[in-house]
1. How do 96-103, 211-218 rank on mean C-beta neighbours within 10 Å, highest first?
2. Anything in the chain that counts as a DSSP H helix reaching 18 Å or more along its axis (C-alpha) with Kyte-Doolittle mean of at least -1.0? List them, would you?
3. Provide the percentage of antiparallel DSSP beta bridges, counting only those with both residues in the chain; round to the nearest 5.
4. Using a ≥ b ≥ c from the Cα gyration tensor of the stretch 374-465 (square roots of the eigenvalues), is it rounded, prolate or oblate, where a/c under 1.5 gives rounded and otherwise the larger of a/b and b/c decides, a/b for prolate?
5. Need the full-extension length gain, D192 to R373, defined as separation in residues times 0.36 nm minus the C-alpha distance. One decimal, nm.
6. For the residue pair L55 and S300, what label-to-label distance in nm results when each label sits 7 Å from Cα along the Cα-to-beta-carbon direction?
7. For a quick check: sort V383, V184, V334 by the number of other beta carbons within 10 angstrom, fewest at the front.
8. To the nearest 20 debye, what is the magnitude of the charge dipole of the stretch 411-451 about its Cα centre, counting +1 on the Cβ of each Lys and Arg and -1 on the Cβ of each Asp and Glu?
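Please treat every number below as a calculation from the coordinates, not as lab data. Only a predicted model underlies this, so the values are computations on that prediction, with no experimental measurement involved. Glycine also receives a Cβ, built like all others from the backbone with ideal geometry; neighbour counts cover every protein chain displayed.
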Amino acid sequence: MALHQGASGDGGPERRRLSLNPFFGEADPVGGMTAAPPTHRLPDGPLPPSTAYQLVHDELMLDGNSRLNLATFVTTWMEPQAGVLMGECRDKNMIDKDEYPRTAELERRCVAMLADLWHAPDPATAVGCSTTGSSEACMLAGMALKRRWATRNADRYPASARPNLVMGVNVQVCWEKFCAFWEVEARQVPMDGDRFHLDPEAAAALCDENTIGVVAVLGSTFDGSYEPVADVCAALDALQERKGLDIPVHVDGASGAMVAPFLDEELVWDFRLPRVSSINTSGHKYGLVYPGVGWALWRSPAELPEELVFRVNYLGGDMPTFALNFSRPGAQVVAQYYTFLRLGREGYRAVQQTARDVAGRLARRIGELGDFRLLTHGDELPVFAFTTAPDVTRFDVFDVSRRLRERGWLVPAYTFPANREDLSVLRVVCRNGFSADLAELLLEDLRMLLPELRKQAGPLDTDTAKATSFHH
Ligand SMILES: *Cc1c(COP(=O)(O)O)cnc(C)c1O
């Protein structure tokens, strides 16, 4: 057995001290009570971790409860195992393909699974990538459309021609951003009567030689309805026959591209339509992953101009990348792969069917109350919009939203865009984790509030511009 001795005391390696990270400070009960760190200026000195944690934690208690947030499409519940995996990957940067080759491989597998799910003609040649969400995916898809058009029109652009993109007025704000950021004219088809999304003929009528593409939304954020993608393609086929214009379609499937493949297999909206050149989805919506991950896929490399693709180092070679960001967390991509593996097609079908059953039943029960008129029924996206019945004059949707909030429910009320600015609605997004039981509790609260609402002299706030306005 070794015989140990004490320190020699002559300045050898034993004199070395451990270095302390400033984060390692001990809690100091007295200091903790006197320290009053500023909130809008970097504090002069450090705080003990437990103190800092408690300060931040306590402030966040006033955030709404995400599970009761029926405004958002974004995932608010995942299994503990998914949370563990995400914790294990929170230090991995998605862009470091060379350092984290397995994370890169999981991303590749997710793209391959989506190409197959969306019926790419040859899944082996379809190209795609992960993004921070659908917004980034739409920017990438829009850029590809614009660049393809610019290449076809090199004699006229940028000299004289101004590119345009055709869409319904109900598109998510990311398309208005795309048009503003990349200097593309947004040509929007207005709503008309009871049509709250894109009309195929009206879309074709807006197209000309400067149209870079048409956006069809699978799952409108305003009311949860699917836009008629196949009819849009057919109208553009007819346009091509008449005028020779060959206009590609991008499907914004932020929500629907992860619902329709499981619940509406007969619906043809994806790469089975030759005119569909690209599709995006939000992995963090009905892809069932915490924010933020999205996906963008192109039918084949021909739809994605080479000059937009950059290369990063990968296992001594280089890997093509297409992204706005450079650094991005890898955890969400890992969680997407986990969820694909965990659920499979049957699992996704069961989860989405449950959400749609909850939506359909809740919509029906709200319709039966008599005070409301349903615009949609939750039978496409598990989402429905409703307004007050024509004879209801004492309260409006904004009153309902406000009163529900007192009970903890976040149900947004907002006004529709052109040409239905006269219409204000409430919208309920049913997601995984919003169970039939929670829906029943929401209905009970609504039922309890109605007698009071009916007794009001009139709507409380007639300035609807000040009302909540969630379009996400
Ligand atoms: C949510 C949504 C977007 C934006 O997606 P993010 O993932 O939040 O960036 C775009 N289009 C539609 C149809 C959406 O529902």
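1. Those peptides, ordered most packed to least, come out 211-218, 96-103.
2. 101-117, 134-152, 229-243, 331-368, 436-455
3. 60 percent
4. The shape class here is oblate.
5. 63.4 nm
6. Label at L55, label at S300, 6.0 nm between them.
7. Taking fewest neighbouring Cβ atoms as first place, the list is V184, V334, V383.
8. Roughly 140 debye, rounded to the nearest 20.
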